[in-house]
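Here the structure is laid out as structure tokens; the discussion comes afterwards.
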Amino acid sequence: MHGTTRGAWRPTPQRAAVLQALTACDGFTSAQTLHAALTADGVEVGLTTVYRTLHLLETSGQVDVVRDSDGERLYRPRPADGHKHYLLCRRCGLSLAVDSEEVEQWAVEVARVTGFHNMDHTLELTGVCGNCHTGRDGDRTDA
């Protein structure tokens, strides 16, 4: 199932700074954006360290990951109540957690029927949110 602990998380000052900066972000964020925020705050951490830390956080089940319209991975701390799936606006980046119990049950059933273990799954739902679709002046925009 998704969210099993597989990575080894050893706290270091740089990793702690990355996790703290990620937690301070509003919504999903990219490694580059996170690195830029850390650098702007005077934290000396390399982009490679940010990527490695985010990978460790992902494999240890501490973050949820989606991809933007360009395929870039975006990260967000996983809520205390576990793994979520999100609907992501392709224009403004708004993310909304969606009820995905049927998906989770289906994944469990597929694992049972096939005899697979330690399965992971990714479900990405993207669209254009209502605000972006109608535009500020109320006129519908192309989608």
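Please sort by residue number the chymotrypsin sites (Phe, Trp or Tyr not before Pro) in segment 1-99 whose DSSP state is loop and whose Cβ has at most 15 other Cβ atoms within 10 Å.
When the chymotrypsin sites (Phe, Trp or Tyr not before Pro) of segment 1-99 are filtered for loop state and at most 15 Cβ neighbours within 10 Å, 9 remain.
I want to check the label-to-label distance for residue 73 and residue 87. Put each point 7 Å from Cα in the C-beta direction and report it in nm to one decimal.
Each label point is offset 7 Å from its Cα along the Cβ direction, giving 2.6 nm.
Which of the trypsin sites (Lys or Arg not before Pro) found in segment 1-95 are loop residues per DSSP with 13 or fewer other Cβ atoms within 10 Å of their Cβ? It would help to have the intermediate numbers written out before the result.
On the way: sites: 6, 15, 52, 67, 73, 84, 90, 91; in loops: 6, 84, 90, 91.
Answer by residue number: 6.
For segment 105-122, just list the computed ³J(HN,Hα) in residue order, Karplus coefficients 6.51, -1.76 and 1.60, θ = phi - 60°, integers in Hz, with x standing in for Gly and Pro.
For segment 105-122, the Karplus-derived couplings read 5, 4, 4, 4, 5, 4, 4, 5, 5, 8, x, 7, 10, 6, 6, 10, 8, 10 Hz, x marking Gly and Pro.
Treat each spin label as a single point 7 Å out from the Cα along the C-beta direction, and report the residue 96 to residue 128 distance in nm.
Each label point is offset 7 Å from its Cα along the Cβ direction, giving 1.6 nm.
Kindly provide the helix-only [θ] at 222 nm of the chain, computed as the sum of -39,500 (n - 2.57) over DSSP H runs of four or more divided by all residues, to the nearest 500 deg cm²/dmol? Intermediate results must be reported in sequence, preceding the final value.
Numbers: 5 runs with 54 residues, N = 143.
So the helix-based figure for the chain works out to -11500 deg cm²/dmol.
Taking the Cβ of each residue in 55, 117, 85 as the centre, tally the other Cβ atoms inside 10 Å and list the residues starting with the fewest. Working shown, then result.
Values: 55 16, 117 8, 85 19.
In increasing order of surrounding Cβ atoms, one gets 117, 55, 85.
Using the Cβ atoms and a cut-off under 12 Å, what net charge is assigned to the surroundings of residue 52, where Lys and Arg are +1 and Asp and Glu are -1? Before the final figure, lay out the partial values.
Details: positive: 10, 15; negative: 58.
Surrounding charge for residue 52 is +1.
Taken together, the values in this text are just the output of simple stated rules run on the coordinates, not laboratory data. Keep in mind that what you see is a predicted model, and the values were worked out from it rather than measured. Heads up, the Cβs are rebuilt from the backbone with ideal geometry, glycines too, and the neighbour counts pull from every protein chain shown.
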